[in-house]
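A.B. asks: Below you'll find the structure I mean.
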Amino acid sequence: MALADFVHGHDPLDPLRRFMATPLRTRFRVGTTRVMVQTNDFRLLPELPLDTGVDQAGNARFEWKLVRDHDAPGLLEETLLLTGGPLTIASMGPACLVGVDHERGELLAFIGYEVDSRVFQEVLVPFLGRLTTAAAESRKYTNLLNEHQSTLHW
Amino acid sequence: MVNLSFDRANLVFRTEFSLGGVRCRLSTNSYKVLQHSIPWQGGSPNPEAKTFEMDILEDASMGSPTESRTHFRGVRHLVFAMLEPRSFVSYDLLRKQVRGVVSPDAASDHTFWKTQLLPITVGILGTTLGVAPLHCACLTRNGDGLLLAGLSGAGKSTLTAALARRRFAVVSDDWTYISRNRGTLVADGLSAPIKLLPDTVRFFPELHKFAPHKTMNGEMAYEIEPEKFHPVAEFTSCSPKWIFFLERTSVPGCRFVPCTSTYTRHFFKSNAERLPEELPAAQETRSEIIDRLSEYPSWIVRSGDDPHKTAEAIEQFLPEATLGPR
């Protein structure tokens, strides 16, 4: 299927916008999880406690890649959440697409240009935080389960 | 919030089928969805074909379309697709897993499965499954495959329709999926229709019987099944033997210029979608397939003629092409 057909002036060899650079980086904490954020828009840097760099044993690490999508119109729609296995996927229409990979500790999101700072901070950041906490917990549980199973195999 | 769990216990209908050089293990909660696999059942599957998992939920919460929209995004190993009628699909390229929610309309729409969801899925996942999706048409006659490539606007689809009229079977119009099978290359198509712009009606008066409609990328076009040009014009697989690169010129006539393997390799590699660094094996596989394909005899077809005359010239050239470039 010609994904390139949907390009509309964008790099025809990158029809999915995979290679939008996200040069802005900082670190935050979400609960006990250390989160490294990278984005292409200052307004997508979450207002969360900054990470002090003090790493306590057992702190989970997560990476957020938040891409401001200048070609995705519209406001947030009702959330569709797909769960099961190592991925959680959320769609709020073209204005917000999120994928959380529990095993890799990654939250990858596209956020449309009409989602303003207030909506981002008040609606999306708490939502992304909850997804991150749940994924970190699930990863911790999976790791414990794997350790337990390998102990049983011995 | 609509929260849908892809618990295996909910996906009670299961089947496996081959398409586009890959194998799909489909699990769904919908019998209607299961039925869309029927055209792909049977045949002789490629024993080297790799498998992906496709979990599909039919859910009434997807509702009816409010506005038409098709939207794709990808980041690292994840791809998101919003399709009409009201469907949302996610692709995990590392785990080779597809998860989608479709509306009742989409669940029962065979055209949606045949022309959108399945071709898009193979297009997105193909490189991770040992298949190189290449932007070219593929036709076959007597088991010999002819790949027809060219830049956008060169007239590949129009020429494909003209060749179909001359009893060439159409494997694919727009995208061809190349894979390896027992040491040789195989070209697969997904039975998608030939897309023709409204102005091609001047070459194919029979198009007056149909109406152009708005396609997924928003442009108006006819989408015509190959058998409309000839009753036996559809095929799903073949062994490629020749490659033709179509170039339009203002000079009347049709000339066949042999091209080097470097040209062929460069054409396909420079027109291939960029892949993320998370998928090094996919890049390598695609590169190997293109390298192999570039050794096949290939020509640039410089044509200033209409598509029917160009198709005739290709047909007359094939006996010479069988001897290879000279």
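A.B. asks: Looking at (1) over 22 Å from residue B:62 (Cα atoms); (2) under 13 Å from the mean Cα position of the chain (by Cα), which is the only condition residue B:119 fails?
C.D. replies: Just one mismatch for residue B:119, condition (1).
A.B. asks: Additional query: Among the residues that make up the stretch B:66-82, is at least one of them within 28 Å of residue A:71 (Cα to Cα), surrounded by 21 or more Cβ atoms within 10 Å (Cβ to Cβ), small (Gly, Ala, Ser) and within 10 Å of chain A (Cβ to nearest Cβ)?
C.D. replies: Scanning the stretch B:66-82, I find at least one residue that is within 28 Å of residue A:71 (Cα to Cα), surrounded by 21 or more Cβ atoms within 10 Å (Cβ to Cβ), small (Gly, Ala, Ser) and within 10 Å of chain A (Cβ to nearest Cβ), so the answer is yes.
A.B. asks: Determine which member of the set B:61, B:27 is out of contact with any His (no Cβ under 6 Å at 6 or more places or on another chain), closer than 30 Å to residue A:67 by Cβ and of a type outside the set (Lys, Arg).
C.D. replies: Answer to the selection: B:61.
A.B. asks: Something else: Residue by residue through the stretch A:60-112, note down the ones that are in a strand (DSSP E or B), farther than 21 Å from residue B:55 by Cα and not aliphatic (A, V, I, L, M).
C.D. replies: The answer is A:61, A:62, A:63, A:64, A:65, A:68, A:69, A:96, A:106, A:110, A:112.
A.B. asks: Kindly evaluate residue B:229 against the criterion of being out of contact with any helix residue (DSSP H, G or I) (no Cβ under 6 Å at 6 or more places or on another chain) and under 26 Å from residue B:197 (Cβ atoms). Give the steps one after another, and end with the answer.
C.D. replies: On the way: out of contact with any helix residue (DSSP H, G or I) (no Cβ under 6 Å at 6 or more places or on another chain): no; under 26 Å from residue B:197 (Cβ atoms): yes.
For residue B:229, the condition - out of contact with any helix residue (DSSP H, G or I) (no Cβ under 6 Å at 6 or more places or on another chain) and under 26 Å from residue B:197 (Cβ atoms) - is not met.
A.B. asks: Only one residue in B:85, B:45 is out of contact with any Pro (no Cβ under 6 Å at 6 or more places or on another chain), at negative phi and in a loop (DSSP other than H, G, I, E, B). Which one? If you could, list the steps in order and put the result at the bottom.
C.D. replies: Working: B:85 fails: out of contact with any Pro (no Cβ under 6 Å at 6 or more places or on another chain).
B:45 is the lone residue from the list that is out of contact with any Pro (no Cβ under 6 Å at 6 or more places or on another chain), at negative phi and in a loop (DSSP other than H, G, I, E, B).
A.B. asks: Check whether at least one residue in the stretch B:96-108 is within 12 Å of chain A (Cβ to nearest Cβ), assigned to a loop (DSSP other than H, G, I, E, B) and β-branched (Val, Ile, Thr), and report yes or no.
C.D. replies: No, the stretch B:96-108 contains no residue that is within 12 Å of chain A (Cβ to nearest Cβ), assigned to a loop (DSSP other than H, G, I, E, B) and β-branched (Val, Ile, Thr).
A.B. asks: Then there's this: Could you say whether any residue in the stretch B:217-237 is touching a residue at least 60 places away in the same chain (Cβ under 8 Å), assigned by TED's automatic domain parsing to the domain that holds residue B:163 and small (Gly, Ala, Ser)?
C.D. replies: yes
A.B. asks: Which residue out of B:223, B:206 is of a type outside the set (A, V, I, L, M, F, W, C) and more than 14 Å from chain A (Cβ to nearest Cβ)?
C.D. replies: Of B:223, B:206, the one residue that is of a type outside the set (A, V, I, L, M, F, W, C) and more than 14 Å from chain A (Cβ to nearest Cβ) is B:206.
A.B. asks: Do we have any residue at all in the stretch A:36-46 that's within 14 Å of another protein chain (Cβ to nearest Cβ) and farther than 22 Å from residue A:16 by Cα?
C.D. replies: The answer is no; no qualifying residue exists.
A.B. asks: To continue, here is another question. Check whether at least one residue in the stretch B:32-48 is of a type in the set (Phe, Trp, Tyr) and either in contact (Cβ under 8 Å) with a residue 60 or more places away in the chain or buried (at least 18 other Cβ atoms within 10 Å of the Cβ) (or both), and report yes or no.
C.D. replies: Among the residues of the stretch B:32-48, at least one is of a type in the set (Phe, Trp, Tyr) and either in contact (Cβ under 8 Å) with a residue 60 or more places away in the chain or buried (at least 18 other Cβ atoms within 10 Å of the Cβ) (or both), which makes the answer yes.
A.B. asks: Residues B:9, B:60, B:49: which one is within 27 Å of residue A:92 (Cβ to Cβ) and among the small types (Gly, Ala, Ser)?
C.D. replies: B:60
A.B. asks: So which of B:17, B:13 ends up being farther than 30 Å from residue A:19 by Cα and modelled with pLDDT of 95 or more?
C.D. replies: Criteria check complete, one pass: B:13.
A quick yes/no check of all residues on (1) touching a strand residue (DSSP E or B) at 6+ places or on another chain (Cβ under 8 Å); (2) within 14 Å of chain A (Cβ to nearest Cβ); (3) over 19 Å from residue B:296 (Cα atoms):
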residue	(1), (2), (3)
B:142	no, no, no
B:167	yes, no, yes
B:170	yes, no, yes
B:181	no, no, no
B:195	yes, yes, yes
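A.B. asks: Here is a further query. Before we move on, is residue B:294 of a type in the set (S, T, N, Q), surrounded by 19 or more Cβ atoms within 10 Å (Cβ to Cβ) and free of Cβ contacts under 8 Å to residues at least 60 places away in the same chain?
C.D. replies: Values: of a type in the set (S, T, N, Q): yes; surrounded by 19 or more Cβ atoms within 10 Å (Cβ to Cβ): yes; free of Cβ contacts under 8 Å to residues at least 60 places away in the same chain: yes.
Yes, satisfied.
A.B. asks: Would you check which residues across the stretch B:188-203 are more than 10 Å from the chain's Cα centre (by Cα) and crowded, with 21+ Cβ neighbours inside 10 Å and list them? Don't jump to the end; show me each part of the working.
C.D. replies: Taking the stretch B:188-203 first, the residues more than 10 Å from the chain's Cα centre (by Cα) are B:194-203.
Passing the criteria: B:194, B:195, B:196, B:200.
A.B. asks: Would you confirm, using the coordinates I've provided, whether residue B:262 is under 18 Å from residue B:136 (Cα atoms), among the polar types (S, T, N, Q), in contact (Cβ under 8 Å) with a residue 40 or more places away in the chain and not in a strand (DSSP E or B)?
C.D. replies: Judged against the criteria, residue B:262 is not a match.
A.B. asks: Let me ask another. Just the residues that are under 19 Å from the mean Cα position of the chain (by Cα), of a type outside the set (Val, Ile, Thr) and modelled with pLDDT of 95 or more, please, taken from the stretch B:83-95.
C.D. replies: B:91, B:93
A.B. asks: Condition (residue is in contact with a strand residue (DSSP E or B) (Cβ under 9 Å, 6 or more places away or on another chain), surrounded by fewer than 16 Cβ atoms within 10 Å (Cβ to Cβ), modelled with pLDDT of 95 or more and part of a helix (DSSP H, G or I)) applied to the stretch B:222-230: is it met by at least one residue?
C.D. replies: No, because not a single residue in the stretch B:222-230 is in contact with a strand residue (DSSP E or B) (Cβ under 9 Å, 6 or more places away or on another chain), surrounded by fewer than 16 Cβ atoms within 10 Å (Cβ to Cβ), modelled with pLDDT of 95 or more and part of a helix (DSSP H, G or I).
A.B. asks: With respect to residue B:157, determine if the residue is modelled with pLDDT of 90 or more and more than 18 Å from residue B:289 (Cα to Cα).
C.D. replies: Taking the combined requirement at face value, the residue satisfies it.
A.B. asks: Also, I was wondering about something else. For the stretch A:29-79, which positions are of a type in the set (S, T, N, Q) and either closer than 21 Å to residue A:105 by Cα or modelled with pLDDT under 90 (or both)?
C.D. replies: Listed by number, the residues that qualify are A:32, A:33, A:38, A:39, A:40, A:52, A:56, A:59.
A.B. asks: Looking at B:100, B:145, B:126, B:130, can you tell me which residue is in contact with a Gly (Cβ under 9 Å, 6 or more places away or on another chain) and surrounded by 23 or more Cβ atoms within 10 Å (Cβ to Cβ)?
C.D. replies: Of the residues listed, the single one that is in contact with a Gly (Cβ under 9 Å, 6 or more places away or on another chain) and surrounded by 23 or more Cβ atoms within 10 Å (Cβ to Cβ) is B:126.
The values are calculated or read from the model by the stated rules, or taken from the named source; none is laboratory data. Model, not experiment: these values are computed from the prediction. Cβ: placed from backbone, ideal geometry, glycine included. Neighbour counts: every protein chain shown.
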